[in-house]
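What follows is a single structure, written as structure tokens, with notes after it.
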């Protein structure tokens with residue numbers, strides 16, 4: 001075989017140079033395209049406080065987590081770092097089951113402290129033990145047990161839990177249209193929360209964000225409609241009734 005033929009064949013071999021080229025041009029390019037898609041979504045809906053460098057961080061978004069239980073692994077990465085998550089390799093399922101068992105024990109030990117949240121402890125235990133994906137309420141309880149403050153927000157709602165003395169803040173954005181979760185890293189969390197609150201309803205219960213219609217006055221509902229940019233006028237002279245305003249709000253946040 002001539003020397004020129006050897007060089008021609010080398011272009012098609014799976015050598016170190018060609019493998020590096022394939023990985024660079026295909027796999028990581030696709031991941032960047034996915035990241036850019038959701039970063040655009042975040043940047044469009046968030047306020048001036050949005051930090052562009054954080055939204056492209058692959059360790060923060062659930063579409064870079066291969067396991068089913070995105071919220072569980074987001075919390076793990078938040079506490080331990082993305083590198084430690086990667087180092088688990090194929091042992092993530094065994095680790096997840098073991099860790100959830102330990103978390104159930106922690107929940108049981110702290111039943112008294114969790115009572116004031118008015119959440120059934122048995123529901124949290126069942127969610128950890130049997131669900132393929134823990135829900136937002138379970139994530140919230142785990143954060144409180146770990147003394148981590150919490151901000152959760154969607155396109156229309158925002159919730160915050162803060163405890164004096166806690167140093168860390170877990171910020172979770174839920175893109176409900178695609179059911180995507182994004183863990184954001186912000187330095188000025190108080191300022192960021194205030195900016196988000198301007199265009200979202202502040203709720204005090206994750207499971208039941210809105211109370212029954214009888215709880216609110218008409219002016220309360222009108223104020224909520226203003227925040228959510230809901231038209232309150234039925235015609236040029238008359239506003240919608242209390243019931244109609246309430247139904248519009250429910251429809252908007254659902």
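Among the conditions (1) in the same structural domain as residue 78 (by TED's automatic domain parsing); (2) surrounded by fewer than 16 Cβ atoms within 10 Å (Cβ to Cβ), residue 204 misses just one, which is (1). Within this structure, residue 95 fails the test of being at pLDDT 95 or above and under 20 Å from the mean Cα position of the chain (by Cα). For the range 89-103, the count of residues that are assigned by TED's automatic domain parsing to the domain that holds residue 181 and under 21 Å from residue 149 (Cβ atoms) is nonzero. Residues in the range 106-155 that are part of a loop (DSSP other than H, G, I, E, B), farther than 23 Å from residue 68 by Cα and under 19 Å from the mean Cα position of the chain (by Cα): 147, 155.
Consider residue 230 carefully, then state whether it is at pLDDT 95 or above, at negative phi, outside the structural domain of residue 159 (by TED's automatic domain parsing) and in a loop (DSSP other than H, G, I, E, B). For residue 230, the condition - at pLDDT 95 or above, at negative phi, outside the structural domain of residue 159 (by TED's automatic domain parsing) and in a loop (DSSP other than H, G, I, E, B) - is met. The set of residues in the range 207-226 that are surrounded by fewer than 16 Cβ atoms within 10 Å (Cβ to Cβ) and in contact (Cβ under 8 Å) with a residue 24 or more places away in the chain comprises 207, 213, 218.
The values are calculated or read from the model by the stated rules, or taken from the named source; none is laboratory data. Since we're looking at a predicted model, the values are computed, not measured. A quick note on method: Cβ atoms are made from the backbone with ideal geometry, for glycine too, and the neighbour counts reach across all protein chains shown.
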